1. Can you name the condition, by its number, that Leu53 falls short on among (1) among the aliphatic types (A, V, I, L, M); (2) crowded, with 23+ Cβ neighbours inside 10 Å; (3) under 17 Å from Ala17 (Cβ atoms); (4) touching a residue at least 40 places away in the same chain (Cβ under 8 Å)?
2. List the pairs whose first member sits in the range 60-89 and is closer than 16 Å to Phe23 by Cβ, whose second member is among the basic types (Lys, Arg), and whose Cβ atoms are under 9 Å apart, counting only residues at least 6 apart or on separate chains?
3. Read through the list (1) in contact with a strand residue (DSSP E or B) (Cβ under 7 Å, 6 or more places away or on another chain); (2) open to solvent by 10 Å² or more (accessible area, probe 1.4 Å); (3) more than 14 Å from Phe129 (Cβ to Cβ), then give the number of the only condition that Asp41 fails.
4. Could you check how many residues of the range 90-103 are out of contact with any Gly (no Cβ under 6 Å at 6 or more places or on another chain) and either open to solvent by less than 40 Å² (accessible area, probe 1.4 Å) or not polar (S, T, N, Q) (or both)?
5. State whether one or more residues within the range 59-68 are open to solvent by less than 10 Å² (accessible area, probe 1.4 Å) and not in a loop (DSSP other than H, G, I, E, B).
6. Exactly one condition in (1) at pLDDT 95 or above; (2) in contact with a Ser or Thr (Cβ under 9 Å, 6 or more places away or on another chain) is not met by Asp47; state its number.
7. Say we look at the range 127-167 and pick out the residues that are within 14 Å of the chain's Cα centre (by Cα) and more than 15 Å from Leu106 (Cβ to Cβ); which of these is most open to solvent (accessible area, probe 1.4 Å)?
8. If the requirement is being at pLDDT 95 or above, hydrophobic (A, V, I, L, M, F, W, C) and in contact with a helix residue (DSSP H, G or I) (Cβ under 7 Å, 6 or more places away or on another chain), which of these qualifies: Ala157, Ala120, Ala144, Ala140?
Amino acid sequence: FDVTTGMQIAKLTAADAAQLDQFGVSVAISGTTAIVGANGDDDNGTDSGSAYLFDTTTGTQIAKLTAGDGAGDDRFGVSVGISGTTAIVGAFRDDDNGSSSGSAYLFDTTTGNQLFKLTASDAVTQDNFGFSVGISGTTAIVGAFRDDDNGSNSGSAYLFEIGRAHV
């Protein structure tokens, strides 16, 4: 939508849209690039998830993002963020550090290439790290609403300096 006039500019849809993909479960925009999550997409297994980049001036799909190590039920795309030429995508059911410990991925929006995979330093089963994400400049934030540091499901948020993140 044009924020001055309120007029709809475009309706964004995935070029490979399929039933139950949940395209639009999460959205973010920076400049003329938008990112849209589809955590029910099945490219890397049932509900592995994906995210799509769009040019907001034309409504054209620029790229489709998937996790380099994506697997069924990861739910990649449940949360998305974008700042400049860097996008972040959450996968709260990724299992690297136990079932549904979660992760988040950083991408270069100009190439669509995955830059880094983020996980919590104290990740454990069912933390759901990546359920929410945000990014501004070189700082990313990732939520883990079921982390238990201050009691059952008390939750945590993790800050990352992107230049210091590791794959």
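The values are calculated or read from the model by the stated rules, or taken from the named source; none is laboratory data. Because the structure is a prediction, the values reported are computed rather than measured. All Cβ positions, even for glycine, are placed from backbone atoms using ideal geometry, and neighbour counts span all protein chains on display. Side chains are part of the model used for accessible areas, which takes the heavy atoms of the whole protein and leaves out ligands, DNA and RNA. Shrake-Rupley method; radii C 1.70, N 1.55, O 1.52, S 1.80 Å.
1. Failed condition: (2).
2. Partner pairs satisfying both residue conditions: Arg75/Arg93; Phe76/Arg93; Val78/Arg93.
3. With respect to (1) in contact with a strand residue (DSSP E or B) (Cβ under 7 Å, 6 or more places away or on another chain); (2) open to solvent by 10 Å² or more (accessible area, probe 1.4 Å); (3) more than 14 Å from Phe129 (Cβ to Cβ), Asp41 is out only on (2).
4. 6
5. Within the range 59-68, one or more residues are open to solvent by less than 10 Å² (accessible area, probe 1.4 Å) and not in a loop (DSSP other than H, G, I, E, B).
6. Condition not satisfied by Asp47: (2).
7. Checking each candidate, the answer is Phe131.
8. It is Ala140.
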